[in-house]
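Every number in this text was worked out from the coordinates using simple rules, so none of it is lab data. None of these values were measured; they are calculated from a predicted model. Note: ideal-geometry Cβ built from the backbone for every residue, glycine included; neighbour counts use all protein chains shown.
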Amino acid sequence: MPMTHPIGVFDSGVGGLSVLQEIRRALPGEDLLYVADSGHAPYGDKSRQFIEDRSLAISEFLVSKNAKAIVVACNTATGAAITTLRAKFSVPIIAMEPAVKPAVANTRSGIIAVLATSRTLASDNFVQLFARYGAEVEIVGQACPGLVEQVEAGDLSGYKTKSLLEHYVQPLLERNADIIVLGCTHYPFLAPLIQEIAGPTVAVIDSALAVARELRRRLEEECLLADEHSAGAECFWTSGTLKSAQPLFSQLWKVEVGVCVLPKSRPVRSV
């Protein structure tokens with residue numbers, strides 16, 4: 001596969017742009033394709049089969065665009081579909097994992113919190129993380145209904161968003177959690193507000209940088225790393241409406257960008 005082929009990234013919505021930002025910093029020469037499945041967001045309240053089918057359809061689209069690697073920039077999609085995706089596609093597929101390991105290594109109180117969707121907290125991936133590290137520290141999972149919708153609406157600091165975060169974060173502080181792990185890629189866009197609520201003695205971390213580093217490692221291993229002497233480009237698609245997507249992508253990417261409508265996909269049979 002040519003090194004010049006792009007990297008595909010997808011999420012249930014715009015949250016994965018937080019991962020794409022780290023990928024762009026780590027891999028300045030790569031062309032990036034990003035799909036936001038905003039027409040079906042949030043994934044947190046969808047069935048495993050639905051999420052798997054959407055993940056397969058979007059990955060097929062990215063492969064049809066010659067993606068040389070795919071990043072599943074969504075913890076919920078990772079939990080529901082990563083095994084199926086790796087069985088079906090031959091390109092490297094990079095998954096998300098909540099940053100529990102570094103949180104365990106750095107906690108002082110011995111209590112860490114994970115903010116995530118209910119689907120992520122119930123996934124086999126998270127259960128395995130809990131089993132692996134739960135004996136060393138206390139891990140408190142906090143489902144956060146409504147937060148994804150606030151980010152999808154571009155409301156990163158309004159009254160409703162702040163009220164939701166206070167409702168979810170305050171009980172964690174009362175339990176003496178000193179590290180909050182962001183287990184959904186939408187939540188880093190709320191990190192300044194989360195930090196404000198949690199205070200300076202609580203660390204707020206996510207796994208986007210680790211994912212970008214793992215992607216770079218895999219591309220180097222497969223001899224697929226692009227020439228970094230020229231700047232890479234980005235292309236964006238959404239399954240939502242362009243009227244809302246265009247300003248939202250530009251707001252989160254911090255540069256005016258063009259967004260295309262994701263073509264309707266045929267049903268994909270899971271393997």
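Of all segments of the chain bounded by GluC sites (Glu not before Pro) found in a DSSP loop with no more than 15 other C-beta atoms within 10 Å, the longest spans 1-135. For the pair Lys160 and Ser244, label points projected 7 Å from Cα toward Cβ lie 1.0 nm apart. Compared with the dominant Cα axis of the chain, that is its longest principal axis, helix 75-88 is turned about 40°.
The residues packed around Ile94, meaning those with a beta-carbon under 11 Å from its beta-carbon, carry a net charge of +3 if Lys and Arg are +1 and Asp and Glu are -1. Labels on offer are (1) 54, 49, 29; (2) 69, 68, 33; (3) 51, 41, 39, and the one holding Cα extents along the principal axes in Å computed from this structure is (3). For Lys160, Lys101, Lys88, the sequence from fewest to most other C-beta atoms within 10 Å is Lys160, Lys101, Lys88.
You can think of it this way: the chain between Thr201 and Gln170 has 9.8 nm of extra reach, that is 0.36 nm per residue less the Cα-Cα gap. Between Ser12, Ser59, Ser47, the GNM of the chain built on Cα springs shorter than 10 angstrom shows Ser47 fluctuating the most.
Take the Cα of Ala231, step 7 Å toward its Cβ, do the same at Phe50, and the gap between the two points is 4.0 nm. Answer rounded, prolate or oblate for the range 1-155, using the Cα gyration tensor with square roots of eigenvalues a ≥ b ≥ c: rounded when a/c is under 1.5, else prolate when a/b is larger than b/c, else oblate. Prolate. In the chain, the DSSP-assigned H stretches of four residues or longer account for a calculated mean residue ellipticity at 222 nm of -13000 deg cm²/dmol, using -39500 (n - 2.57) per stretch and the full residue count as denominator. Taken about its Cα centre, the chain carries a charge dipole of roughly 500 debye when the Cβ of each Lys and Arg holds +1 and the Cβ of each Asp and Glu holds -1.
Each of Asn66 and Arg25 was given a label point 7 Å from its Cα along the Cα-to-Cβ line. The distance between the two points is 3.0 nm. Taking the C-alpha atoms only, the angle from helix 124-133 to the longest principal axis of the chain is near 50 degrees. Have a look at Gln170, Ala113, Pro192 and report the one farthest towards the positive end of the charge dipole of the range 100-206, computed about the Cα centre with Cβ charges (Lys/Arg +1, Asp/Glu -1). Result: Ala113. In terms of its C-alpha gyration tensor, the range 100-206 comes out oblate, because a/c is 1.5 or above while a/b does not outweigh b/c.
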